1. On alpha carbon coordinates alone, what is the Rg over Rh value for region 276-378, Rh being the Kirkwood radius?
2. Which ordering of ARG58, ARG350 is given by a fewest-first count of other beta-carbon atoms within 10 Å?
3. How high is the FRET efficiency from ALA337 to THR46, r the C-beta distance, R0 35 Å, rounded to 0.05?
4. With r defined as the distance between the Cβ atoms of ASP378 and ALA169 and R0 fixed at 56 Å, what FRET efficiency is calculated, to the nearest 0.05?
5. In whole Å and largest first, what semi-axes does the C-alpha gyration tensor of region 199-278 yield when each eigenvalue is scaled by 5 and square-rooted?
6. Would you work out which of SER155, GLN73, THR171 lies farthest towards the positive end of the dipole of the chain? Charges go on Cβ: Lys and Arg +1, Asp and Glu -1.
7. If you place +1 on the Cβ of every Lys and Arg, -1 on the Cβ of every Asp and Glu, and leave all else neutral, what size is the dipole of region 276-378 about its Cα centre, to the nearest 20 Debye?
8. Would you list, by chain and number, the lysines whose Cα falls below 27 Å from the Cα of LYS193, excluding same-chain residues fewer than 8 positions away?
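Values quoted throughout were computed directly from the atomic coordinates according to the rules given, and no laboratory measurement underlies them. Predicted model, so just to flag it, every value in this text is computed and none were measured. Neighbour counts are summed over all protein chains in view; Cβ atoms, including those assigned to glycine, are modelled from backbone coordinates with ideal geometry.
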Amino acid sequence: MALSKIDVANMLTGLVPNDNTIRRPNSKPIFFNGNMAVAQRSTSATGKTSGDYYAVDRMNMLITNIGTYTVAQETLTTGNAYANGFQNAFRIDTTTADASPASADILAVQQIFEGQDVQMFKKGTANAEKFTLAFWVKSNKTGNAQVNLFDNDTSGNRLVGATYSISSADTWEHKVVNFPADTTGPFDDDNAKSFIVEWFLDSGTDFSSGAVPTAWEARSNADRNAGGALQIARNTANDWAITGVQLEVGEFSSTTLPPFQHETFGDNLARCQRYYYQVTGTGKGRFTNGNFFDENDGDVMVPFPCKMRAAYALEASATSDIMITSVTAEADCTSIALDTSLSLDAADVRFTVGSDIATIGHVSTMILKDSGSFLAFDAEL
């Protein structure tokens, strides 16, 4: 069937028609990396006992004194999620259990958003929009679990929650969860931490002794996991995985939900690189150039594929993984650091090598020595 001019225009602008003529106000997915395809840091991180970003980009772990985990990008080859176009998932496996978490312990997964990326919800206005969160989920545990939305901007913060149920163990199930609009407190229109989507997997009583906040309220930690019963931390047989996450403006059901917005891998990667950009080793391939200030000190410029969100931190596998070459010689780095005048378009990386290999003004080339080495720039929320 040929597409009409209206259909073509809708495709180009992100307005997605279906039987109910659904029109999205966003041309790109609101949720980042919802198909879990981008994993710049690694495809698996083992022995994790504290919160951070591991494996899949933009998926942040909260782990506070509640066991040990492997966090991974899982490759899918069978199951309902795979049959619906998803080949990767974000997966957590409990490797050291905590059978009786202390009251303040947390195990949760979050994605954190800039305020300027969620303005389409019109939060804090008379025209505030409802939220729909949809995702594929799988666990060896069945029962209810809680997912929350946070407003990190309004005084006292704002929270709303809902429960979803895993009906069958080890089976991919699709969930559609609705949240009400909020006419109190707008999201700040800036690049700071503003809005959070949070899946609770286990906790102590400090986070489960309240009630599920089905209406927006001032944040109460006691309500954040009041409806959760998965208790993923309690046994080493436990796991939880998610993919196909989409966040939509408005209220939808499983039959009216707009289709998942599949991006090209390149577009998906570029959106993730605003928050974290990693360059990996190339086996003595040339990486980037600069100049020597004296015999063993200099800098190189690292251009970014897109503008970074904000000031970033420098990470590296090890300074010994980085080699600097001059016109006539080469040596391993003994230290690296960022120049204090940060640019969001490129990084000025200062280095020192262990021997005199150049004269002032010589061209310097930075080389990552093997496939396990990396240099990274972190501007995550």
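1. On the way: Rg = 12.7 Å, Rh = 13.5 Å.
Ratio of gyration radius to Kirkwood radius: 0.95.
2. Numbers: ARG58 24, ARG350 17.
Ordered by Cβ neighbours within 10 Å, fewest first: ARG350, ARG58.
3. With a Förster radius of 35 Å, E is 0.75.
4. On the way: r = 36 Å, r/R0 = 0.65.
The computed FRET efficiency comes out at 0.95.
5. Details: eigenvalues 175, 79, 46 Å².
Ellipsoid semi-axes (Å, largest first): 30, 20, 15.
6. It is THR171, whose Cα lies furthest towards the positive end.
7. Values: 6 positive and 14 negative charges, 82 e Å.
With Lys and Arg at +1 and Asp and Glu at -1, about 400 debye.
8. Excluding near neighbours in sequence, the set is LYS28, LYS48, LYS122, LYS123, LYS130, LYS175, LYS307.
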